[in-house]
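Read-outs: derived from the displayed coordinates by stated rules, not from any lab. Since the structure is predicted, the reported quantities are computational estimates derived from the model, not experimental observations. With ideal geometry, Cβ positions are generated from the backbone for all residues, glycine too; neighbour counts draw on all protein chains shown.
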Amino acid sequence: MAKPLIAIVGRPNVGKSLLFNRLARQRIAVVEDLAGTTRDRLYADCDIWGRACTIIDTGGFDSLEKEGYTPAILAQTRFAIEEADIIVFLTDGREEPTTLDFEIADVLRQTRKPVILAANKVDNPKMPISNLYALRLGEPVLMSAATGFGVAELTEHIEELLPRDEQEFPADDSVKVALVGRPNVGKSSLTNHILGYERSIVSPVPGTTRDAVDTKLEWKDQPVTLIDTAGMRRKARVRSEKTSLEYHMVLRSLRAIDRSDVVIIVCESGGIADQDTKIAGYAHEAGKATLIAVNKWDIIEAETGKKRTAAQKDYEAMIQRYLPFISYAPVHFVSAQTGMGVETMLDDAISIVENLRERIPTAVLNDTIRRSIAEHPPPSVKGKQIKIRYATQTEIAPPTIIVFTNRPELVHFSYVRHLENVIRARFPFRGVPLRIELRKGSGERTKEERLRAKREAALAGNDVVDDGDDGDEE
Ligand code: GDP
Ligand code: GDP
């Protein structure tokens, strides 16, 4: 089920970032910090009256935008129209609309998608409001990202406009595979190879415009839907379009990743770029099964000949360096041109999906962790002993494990990593992210809680086997 996408657009300095931060649900982001992706966070999960949505800020995308480079801002607005479900057009309620405001409004009036005009910086509801009706986008929502005034009203409007039909395409039992990556890494070529025919013309000229199409196929009796984001590449001749390409790529990738079960991150044999790190970060955060495909390996084979194993080792080291947070993702060296490795890659992508739904029985999990602690106890910090008391898996897809300890704040990140490795070594979580959360407490239920659970279960007519082993009832 795809999460609705909400884009905030508007000229610089109207308060887009501040509004974004207000709407974004804060979360603990240890891994992101490591990957250096929080610095330029462009999107976030948010909760609109109980509906999970993704919100996207156009501010801070590229320096030109920051400087108020008009064509770049208009291009971003067009991309937002193309990709988002709802567009929030933010203006300044204290100033008369500027030329750029009018230009943005002109672009927005051409879409049938819902557009909400919001007048920001109305810190005091009694102050006079500028003439925003002139933008011909209806009545503005008066608000202040600084004080919070009107933000609830804005989110109510958003909620009313959210797509009711949550299913973007009819539910089916196919495995959804998203191929994401920078432009030109070979996503379409891989799709075409998989299909065994030329779905679209792959020309060696960069910048061929195509649209992303979902393709359904049978792969060894398994229904598969391929989600290809190749259409994200556009004719980038105009400077402004080029500068906004990243914005567009982000929107497209998020969409595709969100709808998928497994993400194939396509990289190029030439090396790993910043954008690869970002895309991998999205896949990791979205909690999907993930595989890395290093495409165009035929070029390296031709260059290195017999030394190809060494070349693969080098590349793997590079992945470790630039994408350390998805070290769980299997790496496949492939060539869409010769077909090398493509079949095995897709087999593997499909096979890791079931790992997302793996459930570890609590007793087995605790046994594994207890043993590992005996061998390698958490180091005490400032003379304080850390005790890991209990662990339990509370969720699947992605698997989430809560670890109860006396001092969650003292447990070092590297020890969590260690626990993750211990769990991975024992259970089939290959290719999927594992969320480990520390919580204070023993994890055991009080006598009263147990009795209550028993009573409730009895009322519901369930048999209850209370082994006292399922401590997490939050
Ligand atoms: P962006 O360029 O559109 O992302 O704008 P920012 O979020 O960076 O905000 C630009 C400036 O406006 C900053 O100095 C904010 O503190 C200020 N600002 C944003 N929202 C409000 C508001 O509701 N009231 C007031 N008084 N200032 C605001
Ligand atoms: P996309 O933008 O990610 O969909 O990339 P395309 O599939 O359009 O490929 C971009 C360019 O890379 C095209 O010129 C392809 O012919 C070329 N290409 C794709 N896969 C391979 C490969 O495995 N080996 C080589 N040598 N070239 C490839």
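Computed from the Cβ-Cβ distance with R0 of 30 Å, the FRET efficiency linking residue 308 to residue 347 stands at 0.90. Note that region 159-164 has calculated 3J(HN,Hα) couplings of 4, 4, 8, 4, x, 6 Hz, one per residue in order, obtained from phi through the Karplus relation 6.51 cos²θ - 1.76 cosθ + 1.60 (θ = phi - 60°); glycine and proline are x. By the count of other C-beta atoms within 10 Å, a proxy for reagent exposure, 143, 345 are ordered fewest to most as 345, 143.
For the pair residue 113 and residue 397, the difference between a 0.36 nm per residue extended length and the Cα-Cα distance amounts to 99.1 nm.
Taking other Cβ atoms within 10 Å as a rough exposure proxy, 130, 144, 260 sort from fewest to most as 130, 144, 260.
How long are the three semi-axes of the equivalent ellipsoid for region 283-420, computed from the Cα gyration tensor as the root of 5 times each eigenvalue, in whole Å, largest first? Each step should come with its number before you reach the end.
Details: eigenvalues 287, 72, 27 Å².
Over the Cα atoms of region 283-420, the semi-axes work out to 38, 19, 12 Å.
Full extension of the chain between residue 426 and residue 221 yields a length gain of 70.8 nm, computed as 0.36 nm times the residue separation minus the alpha carbon distance. Relative protection proxy for 214-220, 173-179, from highest mean packing down: 173-179, 214-220 (other beta-carbon atoms within 10 angstrom). For region 362-460, the pair-distance distribution built from all alpha carbon pairs, in bins 10 Å wide starting at 0, is 14, 44, 27, 13, 2 percent. The order of 332, 284, going from fewest to most other C-beta atoms within 10 Å of their C-beta, is 332, 284. For region 362-460, the Cβ-based charge dipole about the Cα centre amounts to some 220 debye (Lys, Arg positive; Asp, Glu negative; other atoms uncharged). A crude spin-label estimate for the pair residue 100 and residue 126, with each label 7 Å from Cα along the Cβ direction, gives 3.3 nm.
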